[in-house]
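The values are calculated or read from the model by the stated rules, or taken from the named source; none is laboratory data. Bear in mind that the values here come from a model prediction, so they are computed numbers and not experimental data. Here Cβ is always computed from backbone atoms with ideal geometry, including for glycine, and neighbour counts include all displayed protein chains. Areas reflect the complete protein model, heavy atoms only, side chains present, ligands, DNA and RNA absent. Shrake-Rupley method; radii C 1.70, N 1.55, O 1.52, S 1.80 Å.
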Amino acid sequence: LEQDLADARVLWTADPTEAHAIWVGRRIAYLGRYREALAWYTARIAEHPNSYRLLRHRGHRRISVRDFKGAEADLSRAWLLAQSHPNQLEPDGAPNPYGIPRSSDHGNILYHLALALHLQGRWNEAAAMWKTAEDAALNDDSRAAALNWRFHALVRAGRAPEARRYGVAAWTYAMGDPAKATAEWARLVEQGPWNAFGVIAAEADIARGRTTIHRPRR
């Protein structure tokens with residue numbers, strides 16, 4: 001990963017384009033240095049103020065550091081700018097075994113924007129944005145991801161009959177056992193990787209319920 005970052009910096013130094021700037025930021029973040037990545041993206045956005053792609057990546061990493069409002073602001077602006085550009089597949093930093101990208105520019109903006117709303121507990125807004133992300137999906141992988149999160153939002157908004165896909169903790173919550181769901185979330189937060197979106201969502205749910213968890217902050 002360190003060598004990948006060094007290589008990305010060489011490319012950007014030789015040719016400081018938007019695309020090369022994005023890859024430096026991604027490589028920094030893959031090393032878990034999220035605040036450094038945020039500083040990098042902020043400096044590059046000053047040079048490319050209308051880059052919806054740079055805003056998309058900064059918004060993503062603001063979610064990683066639990067700055068949900070900041071992420072919403074970045075991703076909302078990214079979506080405003082992106083709508084006048086065609087939707088394109090986005091290269092993967094960790095390609096699947098077939099080397100085929102599955103996410104797109106528009107899809108990633110909408111996915112992360114919906115997540116930023118979701119993590120703030122704004123369920124109806126999140127559900128609507130998850131639907132937009134679902135509609136923008138170019139394949140079943142992206143569609144399934146949006147459907148899963150949309151279920152969570154619909155249940156929390158009191159619209160369970162509309163839900164069609166779910167996870168174990170979300171189903172437990174929907175079936176009227178929030179205490180058990182909270183225990184599942186606490187176990188996920190204590191055992192899961194700190195940077196995973198499912199862990200961040202569980203952490204936000206616990207925080208809203210003022211449940212104590214034991215997890216080192218970064």
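Structural remarks
- Stokes-Einstein translational diffusion, segment 1-41 - Kirkwood Rh over all Cα pairs, 1.306 mPa s, 10 °C, in µm²/s: 163
- Principal-axis tilt of helix 178-191 within the chain, Cα atoms, nearest 10 degrees: 30
- Charge sum, other residues only, whose C-beta stays under 14 Å from Y52's C-beta, Lys/Arg counted +1 and Asp/Glu -1: +1
- At 1.306 mPa s and 10 °C, Stokes diffusion of segment 1-86 via Kirkwood alpha-carbon radius, µm² per second: 123
- Mean residue ellipticity (222 nm) of the chain, computed from DSSP H runs ≥ 4 via -39,500 (n - 2.57), nearest 500: -21500 deg cm²/dmol
- For R156, solvent-accessible area (1.4 Å; no DNA, RNA or ligand), Å²: 50
- Helix 52-64 and the long axis of the chain differ in direction by around 50°, with both axes built from C-alpha atoms.
- Split the accessible area of segment 9-82 by element, probe 1.4 Å, and carbon with sulfur accounts for 59%.
- Over all other residues within a Cβ to Cβ distance under 9 Å of S142, the charged ones net out to -1, with Lys and Arg as +1 and Asp and Glu as -1.
- Taken over the chain, the alpha-carbon convex hull comes to 128 cubic angstrom per residue.
- Principal-axis tilt of helix 197-208 within the chain, Cα atoms, nearest 10 degrees: 50
- For the options L55, L38, L80, a Gaussian network treatment of the chain with springs between C-alpha atoms closer than 10 Å singles out L80 as fluctuating the most.
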